[in-house]
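Note sheet for the following structure.
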Amino acid sequence: MSRTRGPKRGPAGAAPRPAVRRPWFGPWAIGALALVVIAGLAWFTTRAPRRAGGPPPDPAHAMAAPDAYREAIRLANADRRTESFAFFRRALEGLATDSWEVRYNYGITLASDAIQYVPRAGEPRLATRSSVERVGLLSEAMRQLDRASRLAPNPSARAQVLSHFANLLAVWGFPWETLDLMRRTEYADPTDPVPAARAVLYLKMMKDPPLYAGDVRLEQVFGDPAAGVRSRR
């Protein structure tokens with residue numbers, strides 16, 4: 001005769017286990033909540049008013065390339081070189097064809113800004129904030145001048161760019177690179193005897209610095225390194 005087994009009972013005196021209730025929400029509810037939050041953030045970002053005191057709009061961005069270039073030249077010649085950079089960049093971005101003249105003027109403006117001095121606490125100090133900033137300006141100046149030398153339309157223009165390039169490297173203490181660029185300047189325009197004479201004089205300075213240090217200055221080799229950028233006529 002078979003017995004029907006009843007439910008299994010626990011030890012005497014044990015409390016009954018509470019029934020486990022499943023949460024009312026499921027994965028679909030979590031996903032829906034995330035979508036609501038994302039939609040709310042998107043609405044707030046697009047509709048919320050901008051805070052006052054944000055960065056002002058870039059005036060160079062709205063200019064046509066020729067106007068931006070003229071403004072860059074004006075600022076550079078007014079010793080406001082740092083302000084001119086945005087206008088030089090805008091001029092380069094908006095040109096239909098690359099321009100050696102724009103890159104040349106941008107390059108020498110960058111180079112001049114790297115060694116610009118301003119009075120601070122009664123003494124002349126470099127206008128740049130750190131050596132990292134100066135190296136960045138120098139690097140970009142070299143890139144612009146190298147590109148300008150490749151784009152130069154005639155031997156005279158190419159020699160002009162290379163001469164400024166050589167001057168830049170001489171100021172920053174790269175003698176052999178300077179001499180190489182001086183020779184390239186000489187070869188770029190063989191009809192001009194000045195670059196060859198400068199290269200000979202600079203080589204003498206390299207061979208015997210104590211003899212020539214007091215008698216020959218860089219201005220005598222390269223001309224005035226503080227000359228302004230070319231005016232656009």
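Once the Cβ-Cβ distance between residue 187 and residue 93 is put in as r, and R0 is 25 Å, what FRET efficiency do you end up with, to the nearest 0.05? Write out the running numbers ahead of the final one.
On the way: r = 33 Å, r/R0 = 1.32.
The formula returns an efficiency of 0.15 here.
Classify the range 65-222: rounded, prolate or oblate, from the alpha-carbon gyration tensor (a ≥ b ≥ c, eigenvalue square roots; a/c under 1.5 rounded; otherwise prolate if a/b is larger than b/c)?
Details: a/c = 2.37, a/b = 1.21, b/c = 1.96.
It is oblate, given that a/c is not under 1.5 and a/b is not larger than b/c.
Set the Förster distance to 35 Å, then compute FRET efficiency between residue 194 and residue 143 from the Cβ-Cβ distance, nearest 0.05.
That pair, residue 194 with residue 143, gives E of 0.85.
Among 196, 162, 105, pick out the residue whose Cα is farthest towards the positive end of the charge dipole of the range 65-222, where Lys and Arg carry +1 and Asp and Glu carry -1 on C-beta, about the Cα centre.
Going by the Cα projections, it comes out as 105.
Enter the Cα centre distance for the pair the range 118-144 and the range 84-105, rounded to the nearest angstrom.
Between the Cα centre of the range 118-144 and that of the range 84-105, the gap is 22 Å.
Tell me the trypsin sites (Lys or Arg not before Pro) within the range 99-188 that lie in a loop according to DSSP and have at most 12 other beta-carbon atoms within 10 Å. List each step's numbers first, then the result.
On the way: sites: 103, 120, 125, 129, 134, 143, 147, 150, 158, 183, 184; in loops: 129.
Here the sparse-neighbourhood loop sites are 129.
No value in this document is a laboratory result; all are computed from the given coordinates. Quantities reported herein were computed from a predicted structural model and do not represent experimental measurements. Cβ coordinates were reconstructed from backbone atoms using ideal geometry, including for glycine residues, and neighbour counts include every protein chain displayed.
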